[in-house]
Every structure is written in structure tokens, then in C-alpha cells.
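Before any comments, here is the structure.
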Amino acid sequence: VIESGVFCDKRGGFMDAFRTDFARALGAKHAIAGGAAMLLMHAIPGAIDAGAGDEIIVDPVVQFHAIACLWNNVVPVWADVRASDFLMDPDTVEAKITKRTRAIWVTHLWGFPAEVDRLRAIADSHGLYLLEDCAHMLLGRYRGRFVGRWGHFGTYSFNMGKQLPTGEGGMAICDDDRLAFELDRRIIFGESPEVLSSNYRMT
């Protein structure tokens with residue numbers, strides 16, 4: 001990277017290789033890099049067309065999803081967690097769903113997987129998105145499938161305290177072409193943004 005003289009996310013460079021390898025490792029169609037997992041989370045509500053007055057169900061232990069909602073004028077709605085493992089309790093989720101709910105945002109915490117099979121079933125039955133925060137569980141599996149592959153988006157952190165540290169940075173994976181496009185164009189817009197975007201590129 002130093003010898004290349006290119007320290008930004010330039011198409012055709014090292015970041016393209018990183019995205020390709022990351023997606024392949026997890027069996028995903030798309031990987032979208034960001035300056036931090038939190039910045040990807042800032043962009044995801046817009047990518048799923050959640051905005052003012054909409055709701056996303058989140059858990060109360062990890063605050064990142066609620067903050068990302070507030071950045072987008074989306075109302076975070078708290079589901080409960082189990083006292084035994086602090087992971088989202090699917091039994092408390094369905095009662096929180098309203099006509100304004102757009103997604104369920106779940107955390108895999110401290111290397112322990114949430115019950116994403118049940119959460120995906122709930123999401124599908126109500127026409128909602130399932131969003132997974134996998135910052136604590138890179139390449140971890142639940143019922144034989146990688147976490148991050150149960151939801152419509154899975155996000156990962158490359159912070160120094162995580163399993164693949166790059167200083168800062170993050171990656172989101174998904175299989176849907178439209179969702180990948182919508183997230184990617186919110187990460188960096190160049191000169192003429194078509195949607196509310198920022199410069200969330202990873203170095």
C-alpha cells in the first residue's frame with residue numbers, strides 16, 4: 001500500500017481486493033467497506049428507505065443501532081434481552097412491531113450468536129429487514145451459517161479491539177444488488193449526490 005502511493009479507497013486498488021476476498025470468505029455476493037462499522041450503520045437506514053417517523057427495533061445493550069437510527073430521524077424501539085446472555089430475546093420482538101416498523105437490528109455480542117433464525121422468520125412474516133451487527137463475531141457461525149448471512153445486511157468492525165484490526169474500518173455484506181447499490185452510494189458520493197450521502201470511505 002505504501003509503495004503504491006494510493007492511501008484512499010481507489011477503484012481497482014487494494015480495497016477492491018479486500019472487498020472481494022471478504023465477500024468470498026463469507027459467501028456473500030457484495031461487500032461494502034466503510035471508515036468504521038458505525039459509519040456503515042449511519043448509512044444503512046437510508047439504504048433500506050427508512051426515514052422520518054419510521055421505526056427500527058433494536059436491543060438496549062449496544063447503543064450503536066439506536067444512534068444510527070437517530071441520525072436518520074428513525075425511531076429506535078427497544079426489544080428486551082435475556083438476562084442469561086444479554087442477546088435480543090425474539091419473544092419480545094413481535095409485540096414491538098407496528099405499521100411503521102422497517103427493520104429489526106440485532107447484535108451478536110461478545111462472540112455469542114443471537115437467535116437470528118427466529119428473528120429472520122419474524123422479519124419475513126412481517127415484510128421487514130433483518131440487520132445484523134457482527135462486530136464481535138467475525139467468521140462465527142450460528143446453526144452452520146455465518147452470522148451476517150442470516151440478515152439482509154451484516155456489518156463487521158475492524159477497530160483495534162476486534163478480530164481483524166486495521167486501526168479503524170468496517171465492512172457490510174449483502175446478497176441483494178439493489179441494497180448493495182443503495183448502501184454504496186451513501187458511502188461516497190463524488191461531486192453530485194443523488195441521495196443524502198457522506199464521505200464514509202475506509203482508507
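The values are calculated or read from the model by the stated rules, or taken from the named source; none is laboratory data. Keep in mind that this is a model prediction, so the values were computed, not measured. Cβ: placed from backbone, ideal geometry, glycine included. Neighbour counts: every protein chain shown. Surface accessibility is based on the protein's heavy atoms, side chains included, excluding ligands, DNA and RNA. Shrake-Rupley method; radii C 1.70, N 1.55, O 1.52, S 1.80 Å.
Here are the numbers for this structure:
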{"quantity": "Globularity index of segment 26-70, i.e. its alpha-carbon radius of gyration over 2.2 N^0.38 Å", "calculated": "1.26"}
{"quantity": "Along each principal axis, Cα extent of segment 1-61, largest first, Å", "calculated": "48, 25, 25"}
{"quantity": "Anchor LYS99: aspartates and glutamates whose Cα lies under 15 Å away (excluding residues fewer than 8 positions away in-chain)", "calculated": "ASP49, ASP54, GLU55, ASP124"}
{"quantity": "With DNA, RNA and ligands ignored, accessible area of THR166 (1.4 Å probe; Å², nearest 10)", "calculated": "70"}
{"quantity": "Fraction of antiparallel bridges per DSSP, the chain only, in percent to nearest 5", "calculated": "45"}
{"quantity": "Sulfur and carbon atoms: percent of accessible area, segment 81-202 [1.4 Å]", "calculated": "50"}
{"quantity": "The chain: equivalent-ellipsoid semi-axes (sqrt of 5 x gyration tensor eigenvalues, Cα, Å)", "calculated": "27, 19, 14"}
{"quantity": "Dipole axis of the chain (+1 Lys, Arg; -1 Asp, Glu on Cβ), positive-most option in ILE67, ALA123, LEU26", "calculated": "LEU26"}
{"quantity": "Exposure of PHE7 as accessible area (Å², to 10), given a probe of 1.4 Å and all protein chains", "calculated": "130"}
{"quantity": "Rh (Kirkwood; distinct C-alpha pairs) - segment 73-150, Å", "calculated": "12.8"}
{"quantity": "For segment 94-138, the Rg and Dmax computed from alpha carbons only, in angstrom", "calculated": "11.1, 33"}
{"quantity": "Per-residue [θ]222 nm for the chain (sum of -39500 (n - 2.57) over DSSP H runs n ≥ 4, rounded to 500)", "calculated": "-8000 deg cm²/dmol"}
{"quantity": "Mean Kyte hydropathy of 0.0 or more with a Cα span along the axis of at least 30 Å, helices from DSSP in the chain", "calculated": "none"}
{"quantity": "Convex hull (Cα only) mean projected area of segment 142-196, reported in nm² to one decimal", "calculated": "5.2"}
{"quantity": "Centre separation in Å (Cα based) which lies between segment 119-137 and segment 71-113", "calculated": "9"}
{"quantity": "Segment 25-120 shape via C-alpha gyration tensor axes, a/c threshold 1.5", "calculated": "oblate"}
{"quantity": "DSSP loop GluC sites (Glu not before Pro) with at most 12 other Cβ within 10 Å excluded, longest remaining stretch of the chain", "calculated": "4-190"}
